[in-house]
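Handing you this structure, nothing more for now.
The values are calculated or read from the model by the stated rules, or taken from the named source; none is laboratory data. Keep in mind that what you see is a predicted model, and the values were worked out from it rather than measured. Glycine also receives a Cβ, built like all others from the backbone with ideal geometry; neighbour counts cover every protein chain displayed.
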Amino acid sequence: MQSYGAYVVLLQEEFGWSKVLVAGAFALTRIESGILGPLQGWLADRYGPRIVLSVGVVIFGIGFMLFSQIQSLLGFYLTFAFIAVGSSLGGFATVMVSLVNWFGRHRAKAVAFSQIGYSLGGLSVPLIILFLEAFGWRTTAFFSGVLVLVIGLPLVSLVRHRPQDHGEVMDGGDGTEEEKQQNPFRTGQDFTARQAMRTSSFWLISFGHACALLTVSAIMVHLVPHLIEDLGYSLAEAGLVVALMTSFQMVGQLCGGYLGDRFNKQIICVFCMMFHMVALLLIAFASSLWMVLLFALLHGLAWGIRGPLMVALRADYFGPSSFGTIMGFSSLIVMLGMSIGPLFAGYMADLHGNYEIGLSFLGIGALFGAVCFAFARPPAHPLSDKLHPLI
């Protein structure tokens with residue numbers, strides 16, 4: 001996902017496709033992932049994450065191999081749809097089902113540490129670009145698929161669903177009454193998916209998350225082309241900017257895990273959305289290096305801090321029992337941001353010849369997300385007058 005912008009440049013050179021066409025493939029995969037979300041979440045809750053992850057990793061790896069052989073726009077879209085199914089089943093949402101069941105008072109830190117893997121993927125973008133330039137995008141894509149299978153399948157075997165299935169308890173405690181009292185996530189009742197969707201917090205968090213991904217998805221697809229075509233950077237230099245942004249994202253993840261387990265996650269998310277807005281306005285109108293660097297700092301930190309809190313906040317509000325299904329239905333809304341962001345930025349760039357207007361509007365969209373998080377208060381369980389506690 002993080003190297004998609006580099007592939008975009010080479011695909012446009014070889015096939016002559018417009019920005020909106022190459023962004024369209026990314027957008028459609030996000031739509032497909034969103035539609036798949038409720039079923040994926042239910043399967044992970046019902047049968048456990050390991051089976052779902054295994055199927056996803058196999059599809060993901062084979063998808064990359066098929067992508068390396070495409071000769072047409074239709075083939076590009078079909079193979080990317082295949083990759084999307086694999087990356088969804090074998091990725092973020094499925095892993096989170098396991099994590100929120102194993103961690104309570106350390107949940108934000110656990111999610112943050114798990115997402116460092118995503119940041120390491122971003123740090124490897126310069127390496128991917130070296131391979132793209134040395135061996136071409138087809139060879140790089142094929143062996144990326146091989147790597148997914150060789151590394152991914154053994155890792156899947158390490159995943160466990162719930163601690164009670166293995167004679168353990170959440171957060172590694174001893175299960176005593178004292179330990180339960182120290183863990184605020186053991187109080188109250190978990191929400192079912194139906195109950196969660198009847199709360200305003202479910203919809204506000206979902207739309208806030210969608211607004212965040214308006215910015216993230218647009219940057220993932222269009223940052224490298226924007227740096228090269230509008231700002232005059234080389235492909236290698238653009239890769240370094242992506243790596244720098246990802247470095248700050250990693251710092252943000254560590255900070256987000258620490259802060260999220262100690263302070264109000266809702267308020268932290270509001271500030272992160274403001275950072276996203278400022279970052280997109282900076283990169284849209286960047287006229288010097290310091291603006292690009294400040295963009296990388298703000299966007300990376302906001303993305304890194306906010307990312308773990310999207311998972312932890314939902315688990316705090318609704319509990320872990322039906323988390324996969326709740327997250328899956330939320331993805332139907334979140335996918336709107338992931339799909340609209342790159343499409344809108346690409347269309348505006350094709351229309352106006354640069355990314356300034358498109359990125360500016362998406363930055364303003366992040367402000368709407370800040371408002372959503374500001375009003376996403378802890379919901380009352382329909383069978384209890386008590387609010388779910390927050391750290």
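Yes or no: L387 in contact with a strand residue (DSSP E or B) (Cβ under 7 Å, 6 or more places away or on another chain) and modelled with pLDDT under 80? Lay out the reasoning, then the answer.
Values: in contact with a strand residue (DSSP E or B) (Cβ under 7 Å, 6 or more places away or on another chain): yes; modelled with pLDDT under 80: yes.
In short, yes.
Also, I was wondering about something else. Consider segment 66-114. How many of its residues are free of Cβ contacts under 8 Å to residues at least 24 places away in the same chain, of a type in the set (V, I, T) and part of a helix (DSSP H, G or I)?
1
Does segment 128-136 contain at least one residue that is part of a helix (DSSP H, G or I) and within 30 Å of I326 (Cα to Cα)?
The first filter runs over segment 128-136 and keeps only residues part of a helix (DSSP H, G or I), leaving 128-135.
Now narrow it down to the ones that are within 30 Å of I326 (Cα to Cα): none.
Checked against the condition, which is being part of a helix (DSSP H, G or I) and within 30 Å of I326 (Cα to Cα), segment 128-136 yields no hits at all.
Across segment 188-237, what is the total count of residues that are part of a helix (DSSP H, G or I), among the hydrophobic types (A, V, I, L, M, F, W, C) and more than 30 Å from P379 (Cα to Cα)?
Residues of segment 188-237 that are part of a helix (DSSP H, G or I), as a first pass: 193-197, 200-230, 235-237.
Those left that are additionally among the hydrophobic types (A, V, I, L, M, F, W, C): 193, 196-197, 202-205, 207, 210-214, 216, 218-221, 223-224, 227-228, 235-236.
Applying the additional criterion that residues be more than 30 Å from P379 (Cα to Cα) yields 218-221, 223-224, 227-228, 235-236.
Here the count works out to 10.
It is to be established whether one or more residues within segment 146-155 are outside any helix (DSSP H, G or I) and either closer than 16 Å to Y4 by Cβ or modelled with pLDDT of 85 or more (or both). Even if it seems obvious, please write down each step before you answer.
As a first pass, look at segment 146-155 and keep what is outside any helix (DSSP H, G or I): none.
Looking through segment 146-155, none of the residues is outside any helix (DSSP H, G or I) and either closer than 16 Å to Y4 by Cβ or modelled with pLDDT of 85 or more (or both).
From the list F207, F143, exactly one residue is touching a Cys at 6+ places or on another chain (Cβ under 9 Å), aromatic (F, W, Y) and modelled with pLDDT of 90 or more. Which is it?
On the way: F143 fails: touching a Cys at 6+ places or on another chain (Cβ under 9 Å).
Going through F207, F143 in turn, just one is touching a Cys at 6+ places or on another chain (Cβ under 9 Å), aromatic (F, W, Y) and modelled with pLDDT of 90 or more: F207.
Next up: Just one of F318, F295 is more than 22 Å from L254 (Cα to Cα) and of a type outside the set (D, E); which is it?
Working: F295 fails: more than 22 Å from L254 (Cα to Cα).
Just one listed residue meets the conditions, F318.
G319: farther than 28 Å from G257 by Cβ and either among the small types (G, A, S) or touching a strand residue (DSSP E or B) at 6+ places or on another chain (Cβ under 7 Å) (or both), yes or no? If you could, list the steps in order and put the result at the bottom.
Numbers: farther than 28 Å from G257 by Cβ: no; either among the small types (G, A, S) or touching a strand residue (DSSP E or B) at 6+ places or on another chain (Cβ under 7 Å) (or both): yes.
So G319 does not fit the description; no.
I would also like to ask the following. In segment 1-47, how many residues are assigned to a helix (DSSP H, G or I), touching an Asp or Glu at 6+ places or on another chain (Cβ under 8 Å) and either within 11 Å of S88 (Cβ to Cβ) or not β-branched (V, I, T) (or both)?
Of the residues in that region, 1 qualify.
Residues of segment 284-316 being without any contact (Cβ under 8 Å) to a residue 12 or more places away in the chain and assigned to a helix (DSSP H, G or I), which ones?
Filtering segment 284-316 for residues without any contact (Cβ under 8 Å) to a residue 12 or more places away in the chain gives 287-291.
Once the filter is applied, which keeps residues that are without any contact (Cβ under 8 Å) to a residue 12 or more places away in the chain and assigned to a helix (DSSP H, G or I), segment 284-316 yields L289, W290, M291.
Consider V270 carefully, then state whether it is over 14 Å from L359 (Cβ atoms), within 17 Å of the chain's Cα centre (by Cα) and surrounded by fewer than 24 Cβ atoms within 10 Å (Cβ to Cβ).
Working: over 14 Å from L359 (Cβ atoms): yes; within 17 Å of the chain's Cα centre (by Cα): no; surrounded by fewer than 24 Cβ atoms within 10 Å (Cβ to Cβ): yes.
Taking the combined requirement at face value, the residue does not satisfy it.
Return the total of residues in segment 296-355 being of a type in the set (F, W, Y) and closer than 21 Å to S98 by Cβ.
Final tally of qualifying residues: 4.
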